[in-house]
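Working notes for the structure below.
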Amino acid sequence: NKKTAKKPSVVMLESIEHVGEAGEMVSVSAGFFRNFLEPQGKAQKATQQLIQEFKNKQAEELAAVEAEQAAAQAIATALSTIGKFVVKKTVGEDDKIFGSVTAKDCADSIEKQTGKALDTKGFDIPDISTIGVYEVSVKLHPKVTGSFKVDVQKE
C-alpha cells in the first residue's frame, strides 16, 4: 500500500537547466516546487488562466517573428527590384580604387535610394579593387537573404 508522490504541473517563469525553459509546463516533485521553485519565484502552479496567458504570449511571439520575416522579405524584394546601387570611389591608375568598398558604403547607398537603413553585419561583399559591377548579398533575417548589384564608379 505505497503512496505515489504527486508531481504537480508547474509553469516555469525562468529557465532552469535540466528542469525546463521559461514558459514551459513541467512536472516536478512537490518538495522541489514547494522548497525551491516557488519561494524563489522561478515557477507557479499551472492554472487554466496561467496556461492560457502563456499560449497567448507564444502566439504573439510567433506573430512577431512572422511579421519580422515578412518585413525582411519585403526589403529583399525591394533590393532585387531596384537591382543596382551606385557607390562612388576615388580611383587611381588602371581604374584601381583607393581603399575598398565596405558594407557601410553599400548600406549608405541603399539608404540613399530606398530610405531603409540596413545593418552592416549581414553583408557578404566580394573583394572589390577596380571599378565595375559586383554581386553583393545581404542576410536580412535568418531565413531571408537579399542580393543586388553594386556599381562602383569614379568619384
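The values are calculated or read from the model by the stated rules, or taken from the named source; none is laboratory data. Keep in mind that what you see is a predicted model, and the values were worked out from it rather than measured. Quick reminder, even Gly has a Cβ in these numbers, built from the backbone with ideal geometry, and neighbours come from all protein chains shown. What goes into the accessible areas is simple: the full protein's heavy atoms, side chains included, and nothing from ligands, DNA or RNA. Shrake-Rupley method; radii C 1.70, N 1.55, O 1.52, S 1.80 Å.
Being among the charged types (D, E, K, R) and surrounded by fewer than 13 Cβ atoms within 10 Å (Cβ to Cβ) holds for only one residue in Glu14, Glu66, Glu24, and it is Glu66. Entry remark, the stretch 84-99: residues being of a type outside the set (Val, Ile, Thr), closer than 12 Å to Val150 by Cβ and either open to solvent by 50 Å² or more (accessible area, probe 1.4 Å) or modelled with pLDDT of 90 or more (or both) number 2 in total. How about the stretch 41-63: which of its residues are in contact with a strand residue (DSSP E or B) (Cβ under 8 Å, 6 or more places away or on another chain) and open to solvent by less than 70 Å² (accessible area, probe 1.4 Å)? Passing the criteria: Lys42, Ala43, Ala46, Leu50, Ile51, Phe54.
Cβ-Cβ contacts under 7 Å between residues 6 or more apart (or on different chains), taken from a first residue in the stretch 95-107 that is farther than 14 Å from Asp124 by Cα to a second residue that is open to solvent by 20 Å² or more (accessible area, probe 1.4 Å) and among the aliphatic types (A, V, I, L, M), are listed as Asp95/Ile131; Ile97/Val91; Ile97/Ile131.
Please verify whether the stretch 93-100 includes one or more residues that are of a type outside the set (Phe, Trp, Tyr) and either under 30 Å from Glu66 (Cβ atoms) or touching a helix residue (DSSP H, G or I) at 6+ places or on another chain (Cβ under 7 Å) (or both). No, the conditions are met nowhere in the stretch 93-100. Every condition in (1) touching a residue at least 24 places away in the same chain (Cβ under 8 Å); (2) assigned to a helix (DSSP H, G or I) is met by Val65 except one, and the failing one is (1). Residues that are touching a residue at least 40 places away in the same chain (Cβ under 8 Å), among the aliphatic types (A, V, I, L, M) and within 30 Å of Val28 (Cα to Cα): does the stretch 46-54 have at least one? The answer is yes; a qualifying residue exists.
Does the stretch 27-40 contain any residue that is modelled with pLDDT under 90, more than 23 Å from the chain's Cα centre (by Cα), of a type outside the set (Lys, Arg) and open to solvent by 80 Å² or more (accessible area, probe 1.4 Å)? No, because not a single residue in the stretch 27-40 is modelled with pLDDT under 90, more than 23 Å from the chain's Cα centre (by Cα), of a type outside the set (Lys, Arg) and open to solvent by 80 Å² or more (accessible area, probe 1.4 Å).
Looking only at the stretch 111-135, filter to residues that are of a type in the set (Gly, Ala, Ser) and over 12 Å from Ile75 (Cβ atoms); which one of those is least open to solvent (accessible area, probe 1.4 Å)? Here the answer is Gly132. Restricting the stretch 136-155 to residues that are of a type outside the set (D, E, K, R), in contact with a Ser or Thr (Cβ under 6 Å, 6 or more places away or on another chain) and in contact (Cβ under 8 Å) with a residue 40 or more places away in the chain, the residue that is most open to solvent (accessible area, probe 1.4 Å) is Thr145.
Scanning the stretch 100-110 for residues that are surrounded by 16 or more Cβ atoms within 10 Å (Cβ to Cβ) and touching a Ser or Thr at 6+ places or on another chain (Cβ under 7 Å) yields a count of 2.
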